[in-house]
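Shown next, in structure tokens, is the structure this report addresses.
The values are calculated or read from the model by the stated rules, or taken from the named source; none is laboratory data. Small disclaimer: the values here were computed from a predicted structure and weren't measured. Ideal geometry is used to build each Cβ from the backbone, glycine not excepted, and the neighbour counts take in all protein chains shown. With ligands, DNA and RNA removed, areas are computed over all heavy atoms of the protein, side chains included. Shrake-Rupley method; radii C 1.70, N 1.55, O 1.52, S 1.80 Å.
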Amino acid sequence: MSLKAIHLVFIAASTLLSIGFGVWCLKNYFQGLGSTSDLLLGLGSIAVAAGLICYGRYFLKKLKNIGYL
Amino acid sequence: MDIPYVAQPRQDTGLYNAKVGIWLFLASEVMLFGALFSSYIILRVGAAPGSWVHGLLNIPIGTFNTAVLITSSVTVVLSWSALKAGNFAKYRVLQAITILCALGFLGIKSFEYREKFLHYEVWKTDGTRLLGHIDYNGTHPLFWKTETLAQQKLDSIKFVPDPYHYTMTAKEMAHARKGGHGKEHEPVTIKTSEITRLSSFVPAHSTYFGIYFTLTALHALHVLGGAIVIAFIWGPGAKLWKTDPDRYINRVEVSGLFWHFVDLVWIFLFPVLYLL
């Protein structure tokens, strides 16, 4: 497995973490358990997840000539 | 006689020697961290209700450190890609950012550790337990324990209690944190004779901190090791680029594979230790 392949796995895991963390923060905030920082962290995390998805697409396009092995 | 497959991959496997080597090494690392993760799960599931420490880590700092490591992974892979395209200058810049990210991560982690070493739990003779900081002549001492009180010949300590305790549920803790703003800095005096145990948040404090420090310190050692290897390839090892560029690119890829493994471990560590 090449660096390209493991990087894609890593970006997928990071995206899932960002979405999960964002949902966790926003849930805390809307249930009245969190503060404004939870709202900011939640929204920031969802934005990072969207950014990672865009980056993943860019990365695949940029390294299309490099193999996965 | 030259050693075969040092730079070019074998026809049948498509792999060069170092890539086989790093994957075998990473397999052993998976077993090491896997055993520790399993230990954590078993300890956590087996803990008596209300005894498991939770909610004491700094989530914004942990989140920032996660972002630092994700950034470093991006720079590692882009630097490798730049090198494959023959752009050595771009590789140098991107790997320098990786090394800075690694140092930043370790710096933030050490700050986080220090915060834990300053934080205490006091077990009192009446059964109550308090979390907070010790105020000793206007300073916050590190690493005090029950014996320190006798060694310092103290009759009492000034303690700045937190408005919450980990025996509370997550909901109760959140309410206590919200309601306690402004009140947590009022110190109380606790007589030494009323204290049965005093411990800062060190591995000896509890099972949670034992496994927390084991996992995070082992991870931090891997970050340090990875940073040293990347820095060597980036610095003195860069001479190879002029004599054998294919082999140099392979070295960068192999160090990048290790770096991704280290970052992936953190992607699992962060939610497990900070959020659950």
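Considering only the range B:71-89, state which residues are open to solvent by less than 20 Å² (accessible area, probe 1.4 Å) and of a type in the set (A, V, I, L, M). Working first, answer last.
In the first step, residues of the range B:71-89 are kept if they are open to solvent by less than 20 Å² (accessible area, probe 1.4 Å); the result is B:72-73, B:75-77, B:79-83.
Selection gives B:VAL76, B:VAL77, B:ALA82, B:LEU83.
Before we move on, is A:ILE11 more than 7 Å from chain B (Cβ to nearest Cβ), part of a helix (DSSP H, G or I) and out of contact with any Pro (no Cβ under 6 Å at 6 or more places or on another chain)? Give the derivation first.
Values: more than 7 Å from chain B (Cβ to nearest Cβ): yes; part of a helix (DSSP H, G or I): yes; out of contact with any Pro (no Cβ under 6 Å at 6 or more places or on another chain): yes.
Judged against the criteria, A:ILE11 is a match.
When you scan the range A:52-66, do you find a residue that is outside any loop (DSSP other than H, G, I, E, B), under 20 Å from B:MET173 (Cα atoms) and basic (Lys, Arg), even just one?
The first filter runs over the range A:52-66 and keeps only residues outside any loop (DSSP other than H, G, I, E, B), leaving A:52-62.
Those left that are additionally under 20 Å from B:MET173 (Cα atoms): none.
No, there is no match, as no residue in the range A:52-66 is outside any loop (DSSP other than H, G, I, E, B), under 20 Å from B:MET173 (Cα atoms) and basic (Lys, Arg).
Checking the conditions here, which among B:PHE143, B:PHE201 is within 30 Å of B:SER39 (Cβ to Cβ) and modelled with pLDDT of 95 or more?
On the way: B:PHE143 fails: modelled with pLDDT of 95 or more.
Result of the check over B:PHE143, B:PHE201: B:PHE201.
Would you check if B:TRP241 is modelled with pLDDT of 95 or more and more than 28 Å from the chain's Cα centre (by Cα)? If you could, list the steps in order and put the result at the bottom.
Working: modelled with pLDDT of 95 or more: yes; more than 28 Å from the chain's Cα centre (by Cα): yes.
Yes; evaluated as a whole, the condition is true for this residue.
Tally time: how many residues in the range B:91-129 are closer than 21 Å to B:ILE70 by Cβ, in contact with a Ser or Thr (Cβ under 9 Å, 6 or more places away or on another chain) and either open to solvent by 60 Å² or more (accessible area, probe 1.4 Å) or in a loop (DSSP other than H, G, I, E, B) (or both)?
Of the residues in that region, 3 qualify.
Counting only residues that are loosely packed, with under 15 Cβ neighbours inside 10 Å, touching a residue at least 24 places away in the same chain (Cβ under 8 Å) and assigned to a strand (DSSP E or B), how many does the range B:130-157 have?
Going through the range B:130-157 one residue at a time, the tally reaches 1.
Suppose we filter B:ILE190, B:ILE228, B:ILE195, B:ILE211 for residues that are within 28 Å of B:ILE22 (Cβ to Cβ), surrounded by 15 or more Cβ atoms within 10 Å (Cβ to Cβ) and of a type outside the set (Lys, Arg); which single one remains? Even if it seems obvious, please write down each step before you answer.
Details: B:ILE190 fails: within 28 Å of B:ILE22 (Cβ to Cβ); B:ILE228 fails: surrounded by 15 or more Cβ atoms within 10 Å (Cβ to Cβ); B:ILE195 fails: within 28 Å of B:ILE22 (Cβ to Cβ).
Result of the check over B:ILE190, B:ILE228, B:ILE195, B:ILE211: B:ILE211.
Determine which member of the set B:ALA27, B:ALA35, B:ALA48, B:ALA7 is under 23 Å from B:THR214 (Cα atoms) and modelled with pLDDT under 90. Break it down into steps so the answer makes sense when it comes.
Numbers: B:ALA27 fails: modelled with pLDDT under 90; B:ALA35 fails: modelled with pLDDT under 90; B:ALA7 fails: under 23 Å from B:THR214 (Cα atoms).
Of the residues listed, the single one that is under 23 Å from B:THR214 (Cα atoms) and modelled with pLDDT under 90 is B:ALA48.
Consider only pairs whose beta carbons are under 6 Å apart and that are at least six residues apart or on different chains; among these, list those whose first residue lies in the range B:110-126 and is under 9 Å from B:ARG197 (Cα atoms) and whose second residue is surrounded by 15 or more Cβ atoms within 10 Å (Cβ to Cβ) and among the β-branched types (Val, Ile, Thr).
Qualifying pairs under 6 Å: B:VAL122/B:ILE195.
Being aliphatic (A, V, I, L, M) and either within 14 Å of another protein chain (Cβ to nearest Cβ) or within 30 Å of A:TYR68 (Cα to Cα) (or both): is that true of B:ALA150 here? I'd like the intermediate steps shown before the answer.
Numbers: aliphatic (A, V, I, L, M): yes; either within 14 Å of another protein chain (Cβ to nearest Cβ) or within 30 Å of A:TYR68 (Cα to Cα) (or both): no.
So B:ALA150 fails the test.
So if I check each of A:LEU41, A:LEU52, A:LEU69, A:LEU33, which one is in contact (Cβ under 8 Å) with a residue 40 or more places away in the chain, under 21 Å from B:THR63 (Cα atoms) and at the interface with chain B (Cβ under 8 Å from one of its Cβ atoms)? First the steps, then the outcome.
Numbers: A:LEU41 fails: in contact (Cβ under 8 Å) with a residue 40 or more places away in the chain; A:LEU69 fails: under 21 Å from B:THR63 (Cα atoms); A:LEU33 fails: in contact (Cβ under 8 Å) with a residue 40 or more places away in the chain.
The conditions single out A:LEU52.
Any residue in the range B:15-41 that's within 14 Å of chain A (Cβ to nearest Cβ): show its pairings with residues that are β-branched (Val, Ile, Thr) and in a helix (DSSP H, G or I) at Cβ separation under 8 Å, as long as the two are six or more apart or on different chains.
Hits for this filter: B:ALA18/B:VAL254; B:LYS19/B:VAL254; B:GLY21/B:VAL254; B:ILE22/B:VAL254.
Rundown of residues vs (1) among the hydrophobic types (A, V, I, L, M, F, W, C); (2) buried (at least 18 other Cβ atoms within 10 Å of the Cβ), yes/no style:
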position	(1), (2)
A:MET1	yes, no
A:PHE10	yes, yes
A:CYS54	yes, no
A:ARG57	no, no
A:LEU63	yes, yes
A:ILE66	yes, no
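Take the residues of the range B:222-276 that are over 30 Å from B:LEU57 (Cβ atoms) and aromatic (Phe, Trp, Tyr): which is nearest to the other protein chains (Cβ to nearest Cβ)?
Restricting attention to the range B:222-276, the residues satisfying the condition of being over 30 Å from B:LEU57 (Cβ atoms) are B:232-254.
Add one more test, that the residue is aromatic (Phe, Trp, Tyr), and what stays is B:232, B:234, B:241, B:248.
Values: B:PHE232: 18, B:TRP234: 16, B:TRP241: 17, B:TYR248: 14 Å.
Top of the filtered list is B:TYR248.
Could you tell me whether any residue of the range B:243-257 is surrounded by fewer than 16 Cβ atoms within 10 Å (Cβ to Cβ) and closer than 26 Å to A:LEU17 by Cβ?
no
A:ILE6 passes all but one of (1) open to solvent by 70 Å² or more (accessible area, probe 1.4 Å); (2) facing another protein chain (nearest Cβ under 10 Å); (3) under 18 Å from B:THR71 (Cβ atoms); which number fails?
(1)
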